[in-house]
Amino acid sequence: MKREAIQHFNTEEYVYPIKRNELVFKIRVAKKDISKCVLIYWDRTKPENRKKCELKCKYREELFDYFQGNIIFHQIARYQKYYFVLTDNSGNIIYYTANGAQQVLPKSGFFEYLYVNGTDVITSPSWAKGVIYYQIFPERFCNGNRGNDPEGCKPWGSLPDREHHMGGDLQGIIQKIPYLKELGIECIYLNPIFEGDFNHKYATTDYFKIDSQFGDEETFRELVDICHSCKIKIVLDGVFNHTGVHFGPFQDVLENQEESRYVKWFHINHYPVEPSHHNYECVGAYKWMPKLDTSNPEVREFILKVMFYWIDNFQIDGWRLDVADEVDPSVWEEARMRIKEKYPDKILLGETWGYAGKMLRGNQMDSVMNYVFRDAVRDYIAEKSISVTQLDSRLNHMLAYYKDETDNLLYNLLDSHDTERFLYLCHENKKLLKLAAAFQMLFPGSPAIYYGDEVGMTGDNDPDCRRCMEWGDNADQDMRNWYRKLIQLRKDNSCIKSGSFRSIIADEMSDTYGFVRKDAMGSCYVVLHVGADMQKISCPVLEKGIFTDLFSGEVLVEEDAGDLKFLNEDITEYVGKITLQMEPYSVKVIMSSRNSSKKQ
């Protein structure tokens with residue numbers, strides 16, 4: 001490699017612990033520039049005892065390859081010096097150290113990992129890895145107690161608006177737990193249920209009280225107990241970035257102005273304070289939701305008091321944290337430290353609409369709402385605004401951006417109370433929704449179903465996406481059965497729930513995408529055809545022998561691939577191919593019959 005090429009060598013490395021005696025080394029290099037990457041490492045007190053480990057290319061996006069590997073030490077990892085030896089496609093050697101890329105190995109300037117402290121190791125609830133979520137907007141799920149219907153409640157199933165109520169409540173959710181259990185749901189995420197203004201309850205007025213239109217604390221306790229008896233977790237929505245104007249401390253500010261003891265709880269711009277976005281910071285210039293000053297230690301302590309109250313007294317399984325990326329990070333850092341110390345199995349799930357690297361370093365969130373995944377699937381399947389090659393690049397970039405241990409925790413949604421329904425974006429084409437659901441269930445992460453998607457509900461953005469749940473003849477039972485089948489596949493096969501990922505097909509001519517999920521028990525091949533015509537697809541495989549289509553039961557035999565070229569063949573050890581006949585808008589899930597990963 002020429003000196004000028006070395007000077008512009010675009011490489012980045014990082015290291016993180018997954019145990020106190022195990023480090024993951026990861027390095028990003030220009031796509032297909034590097035054919036081999038070897039890590040050289042040693043204890044700084046024993047420089048003569050250098051060891052090496054070849055890193056493997058795990059992810060590949062449009063511009064970069066990501067090599068990584070794990071090193072296990074016999075004690076807590078400490079004082080490890082290291083550098084990388086990179087071999088380019090012409091056989092040239094590049095040494096990558098803390099001082100950059102060099103053609104000659106220097107005598108100093110190496111990387112060094114100093115010490116793994118206990119809190120450096122990212123821990124998360126084991127139950128949350130690959131868990132199947134179900135999001136419920138309580139006001140629209142089921143009306144189980146008409147006695148608590150708000151005044152002026154509209155008939156169930158009326159088209160929604162931002163003002164009226166339909167009567168959904170906690171008793172209704174209790175009545176439908178058998179439905180959710182049969183569907184295969186493992187964790188319910190509830191939109192806000194605390195006393196608040198408006199039908200969405202994101203304008204909280206009392207954080208220690210269940211809104212009377214949903215029930216009371218005893219009803220909620222019954223819901224939690226029933227969920228837990230059915231092995232279903234329950235996560236509440238914590239709206240701590242802002243409140244409603246009828247929240248007690250804000251009312252005190254309106255009444256006492258500068259003399260209020262709560263003036264520093266909010267971002268007051270000038271006095272006199274009255275409900276106006278010109279007077280104080282609020283959410284989206286929406287005057288009914290004043291923003292809390294979460295850098296204030298008193299506010300931070302209040303938030304933690306609320307979080308502990310519902311965990312201590314009602315045994316909820318964690319918090320989904322609204323607009324978490326707008327809250328002062330010190331809140332989440334202290335919340336994680338204090339909550340995890342007492343309740344290590346409680347999840348902290350943050351809302352963000354972009355990449356969440358800062359929140360997922362191990363000192364704030366366990367997981368985030370993965371709108372990055374949602375946007376990629378929307379753009380490819382529903383809106384057809386990107387090619388399959390672009391889809392593959394975006395997904396690999398996303399997986400590489402996060403740690404592998406985080407990838408399996410990501411809350412992978414197709415839609416939510418804040419977006420259009422996915423079926424609406426598909427122009428009511430249910431075949432496309434089925435494809436997207438298969439993608440969601442078979443991809444790494446934790447799939448999240450927004451209530452009603454499984455029965456074919458549609459709707460434009462808020463408020464139309466918050467229609468009443470379909471329980472009658474309009475509920476699409478074929479769609480529901482499809483979701484049940486996918487969920488069962490995920491539960492039955494460990495490689496789908498927690499296996500590695502490698503994209504193996506990204507064919508723009510046929511509009512087909514494929515990937516393999518693999519663990520120690522076996523491999524599962526997922527092939528999605530988004531085109532409107534029949535296609536004959538050659539799918540590369542990692543094993544010899546026979547394979548089974550898990551949907552049709554068809555038996556497939558591995559064949560010689562001949563001169564065929566496959567995606568990522570330079571970094572994947574393919575041994576042959578199988579031939580698939582793909583129907584329009586179809587998915588195939590193929591399992592190696594020789595190495596089934598089905599749970600016993």
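The values are calculated or read from the model by the stated rules, or taken from the named source; none is laboratory data. Keep in mind that what you see is a predicted model, and the values were worked out from it rather than measured. So basically every Cβ, Gly included, is an ideal-geometry build from the backbone, and we count neighbours across all protein chains shown. With ligands, DNA and RNA removed, areas are computed over all heavy atoms of the protein, side chains included. Shrake-Rupley method; radii C 1.70, N 1.55, O 1.52, S 1.80 Å.
Of note:
- Flag for LYS565 being open to solvent by 50 Å² or more (accessible area, probe 1.4 Å), in a strand (DSSP E or B), modelled with pLDDT of 95 or more and farther than 23 Å from PRO444 by Cα: no
- Hits in the range 217-247 (condition: within 28 Å of VAL283 (Cα to Cα) and either part of a loop (DSSP other than H, G, I, E, B) or open to solvent by 40 Å² or more (accessible area, probe 1.4 Å) (or both)): VAL239, PHE240, ASN241, THR243, GLY244, VAL245, HIS246, PHE247
- Members of the range 248-257 that are touching a Phe, Trp or Tyr at 6+ places or on another chain (Cβ under 6 Å) and surrounded by fewer than 17 Cβ atoms within 10 Å (Cβ to Cβ): ASP252, GLN257
- Filter pass, THR572 being touching a residue at least 40 places away in the same chain (Cβ under 8 Å), open to solvent by less than 50 Å² (accessible area, probe 1.4 Å) and not in a strand (DSSP E or B): yes
- Cross-chain or 6+ apart pairs with Cβ under 6 Å, the range 491-512 first and within 26 Å of GLN535 (Cβ to Cβ) and acidic (Asp, Glu), then open to solvent by less than 40 Å² (accessible area, probe 1.4 Å) and in a loop (DSSP other than H, G, I, E, B): GLU508/SER387; ASP511/VAL530; ASP511/GLY531
- Screening VAL253 with (1) in a loop (DSSP other than H, G, I, E, B); (2) over 30 Å from LYS497 (Cβ atoms); (3) among the hydrophobic types (A, V, I, L, M, F, W, C) gives one miss only, at (1).
- Only one of ARG300, ARG336, ARG320 that is at pLDDT 95 or above, among the charged types (D, E, K, R), within 14 Å of the chain's Cα centre (by Cα) and open to solvent by less than 50 Å² (accessible area, probe 1.4 Å): ARG320
- Inspection of the range 78-100 identifies at least one residue that is touching a residue at least 40 places away in the same chain (Cβ under 8 Å), open to solvent by 50 Å² or more (accessible area, probe 1.4 Å), assigned to a strand (DSSP E or B) and over 21 Å from SER35 (Cα atoms).
- Of the residues ILE174, ILE136, the single one that is under 15 Å from TYR451 (Cα atoms), among the aliphatic types (A, V, I, L, M) and surrounded by fewer than 22 Cβ atoms within 10 Å (Cβ to Cβ) is ILE174.
- The listed residue being surrounded by fewer than 22 Cβ atoms within 10 Å (Cβ to Cβ) and without any contact (Cβ under 8 Å) to a residue 40 or more places away in the chain, out of GLU420, GLU405, GLU428: GLU428
- Within the range 245-265, residues that are free of Cβ contacts under 8 Å to residues at least 40 places away in the same chain and within 15 Å of ASP293 (Cα to Cα) sit with their Cβ atoms under 8 Å from residues that are open to solvent by 50 Å² or more (accessible area, probe 1.4 Å) and outside any loop (DSSP other than H, G, I, E, B), at 6+ positions apart or across chains, in these pairs: LYS264/GLU298; TRP265/GLU298.
- Single unsatisfied condition, GLY354 versus (1) open to solvent by less than 10 Å² (accessible area, probe 1.4 Å); (2) assigned to a loop (DSSP other than H, G, I, E, B): (1)
- Among the conditions (1) assigned to a loop (DSSP other than H, G, I, E, B); (2) touching a Pro at 6+ places or on another chain (Cβ under 6 Å), the only one that LYS287 does not satisfy is (1).
- Test: residue in the range 36-55 that is in contact with a helix residue (DSSP H, G or I) (Cβ under 8 Å, 6 or more places away or on another chain), in a loop (DSSP other than H, G, I, E, B) and surrounded by fewer than 20 Cβ atoms within 10 Å (Cβ to Cβ): no
- Scanning the range 101-117 for residues that are open to solvent by less than 50 Å² (accessible area, probe 1.4 Å) and of a type in the set (Ser, Thr, Tyr) yields a single hit, TYR113.
- For the range 258-272, the set of residues classified as part of a loop (DSSP other than H, G, I, E, B), surrounded by 13 or more Cβ atoms within 10 Å (Cβ to Cβ) and under 40 Å from the mean Cα position of the chain (by Cα) consists of TYR262, HIS267, listed by residue number.
- Restricting the range 136-195 to residues that are of a type outside the set (D, E, K, R) and part of a strand (DSSP E or B), the residue that is nearest to ARG466 (Cα to Cα): ILE136
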